[in-house]
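The values are calculated or read from the model by the stated rules, or taken from the named source; none is laboratory data. All figures in this text were calculated on a predicted structure; none of them were measured in a lab. In this analysis, Cβ positions are derived from the backbone assuming ideal geometry, glycine residues included, and neighbour counts consider all displayed protein chains.
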């Protein structure tokens, strides 16, 4: 008797398959569209089409028809596609507004070298610059002010500090718990410990940030005696708490999936349970454990509310984990509401989001390559 397949023979199963495929495809498409939107908004910064200089050369509105489209788009702070969507009257009005704004610039700024600097250029976003009143070149993130400053170095350092502290706290704790639960604990303790740790993933990040702000910050300051109550160390510990359930769950699954024959053989040769777990099971589960660490890194670097609440939000260049700091995600969350749509501040914030996308994608790609090599090495290939 032949097996009949297809939507006529089993319509419900066929519909279920199509529904699951549609949901999966929609999720992938949504991620792609989000990245496309963020990248489109940040594209003028990457292409050098934005200009944040306070004092700029003014193009008379009467010369609208004489200005090349590319130059006009950069002058008005728009992309070429946005320029094409505007009619002649709108462009005329925008140029008149620029003329009036240029007249309102105080005379004291017209001869100021700082007022002529386009701080959205990569040279100013990645390298120090000696601003008026400073004794040496400095890295400064100060988007709100007469002369906006968009140096990314303080934010990159702050992001790395909080992420590294979070991983340094979460990875050893998570792996130790996973190793104990999967290899050493009794079934009765496992039924309590595993759900208890995974329960942490259900705590909202804003609640974790509030806990770090109210309880953890004061406790750690009294314990270590550092100066600033909110800093990268406090934010990193809170980040670690949010990453522990993710790292623990994936690592515990990887350790549990190691064939029991490995454990039985080691015990039969006289190894203790601890020696078996540490020297046999953990190396065999290395690809899965590494995957857990990579995902934990992504969880820490992409977290927003915890670092926004508990890091102190000071964009300073310091590698001291006990100094207040500011991350890329916290900057986007704190400043997006006050950025003018289409302005240089708005574009730079979307550029930060694009950088986060790129870092996460690159990390996952490298992590996948390393995992494949580990699997090949374990299989003897």
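Observations
- Residue 30 loosely packed, with under 12 Cβ neighbours inside 10 Å, under 29 Å from the mean Cα position of the chain (by Cα) and not assigned by TED's automatic domain parsing to the domain that holds residue 353: yes
- Some residue of the stretch 370-380 being without any contact (Cβ under 8 Å) to a residue 12 or more places away in the chain and not in a helix (DSSP H, G or I): yes
- Residue check, residue 153 surrounded by 17 or more Cβ atoms within 10 Å (Cβ to Cβ) and farther than 30 Å from residue 340 by Cβ: no
- Checked against the criterion of being within 33 Å of the chain's Cα centre (by Cα) and more than 13 Å from residue 310 (Cα to Cα), the stretch 268-275 has no qualifying residue.
- Residue count, the stretch 163-187 (criterion: without any contact (Cβ under 8 Å) to a residue 40 or more places away in the chain and farther than 21 Å from residue 276 by Cα): 0
Let's see how each residue does on (1) in contact with a helix residue (DSSP H, G or I) (Cβ under 6 Å, 6 or more places away or on another chain); (2) modelled with pLDDT under 80; (3) closer than 21 Å to residue 61 by Cα; (4) surrounded by 15 or more Cβ atoms within 10 Å (Cβ to Cβ):
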residue	(1), (2), (3), (4)
121	no, no, no, yes
128	no, no, no, yes
134	no, no, no, no
139	yes, no, no, yes
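- Scanning the stretch 49-72 for residues that are surrounded by fewer than 18 Cβ atoms within 10 Å (Cβ to Cβ) and assigned to a helix (DSSP H, G or I) gives 61, 62, 63, 64, 65, 66, 69, 70, 71.
- Any hit, the stretch 219-228, residues being crowded, with 22+ Cβ neighbours inside 10 Å and more than 20 Å from the chain's Cα centre (by Cα): no
- Count - residues of the stretch 283-319 that are part of a loop (DSSP other than H, G, I, E, B), under 13 Å from the mean Cα position of the chain (by Cα) and surrounded by fewer than 22 Cβ atoms within 10 Å (Cβ to Cβ): 1
- Failed condition for residue 75, given (1) part of a helix (DSSP H, G or I); (2) surrounded by fewer than 16 Cβ atoms within 10 Å (Cβ to Cβ); (3) touching a helix residue (DSSP H, G or I) at 6+ places or on another chain (Cβ under 8 Å); (4) modelled with pLDDT under 80: (2)
- Count of the stretch 166-196 residues, restricted to those that are within 15 Å of residue 247 (Cα to Cα) and buried (at least 19 other Cβ atoms within 10 Å of the Cβ), is 12.
- Lone unmet requirement of (1) at pLDDT 95 or above; (2) under 15 Å from residue 296 (Cα atoms); (3) surrounded by 17 or more Cβ atoms within 10 Å (Cβ to Cβ) for residue 233: (2)
- Put simply, of 152, 160 the only residue that is within 28 Å of the chain's Cα centre (by Cα), touching a residue at least 12 places away in the same chain (Cβ under 8 Å) and more than 25 Å from residue 284 (Cα to Cα) is 152.
- Within the stretch 265-295, the set of residues being without any contact (Cβ under 8 Å) to a residue 12 or more places away in the chain and within 18 Å of residue 186 (Cβ to Cβ) comprises 267, 272.
- Residue identified as surrounded by fewer than 18 Cβ atoms within 10 Å (Cβ to Cβ) and in contact with a helix residue (DSSP H, G or I) (Cβ under 7 Å, 6 or more places away or on another chain) among 256, 242: 256
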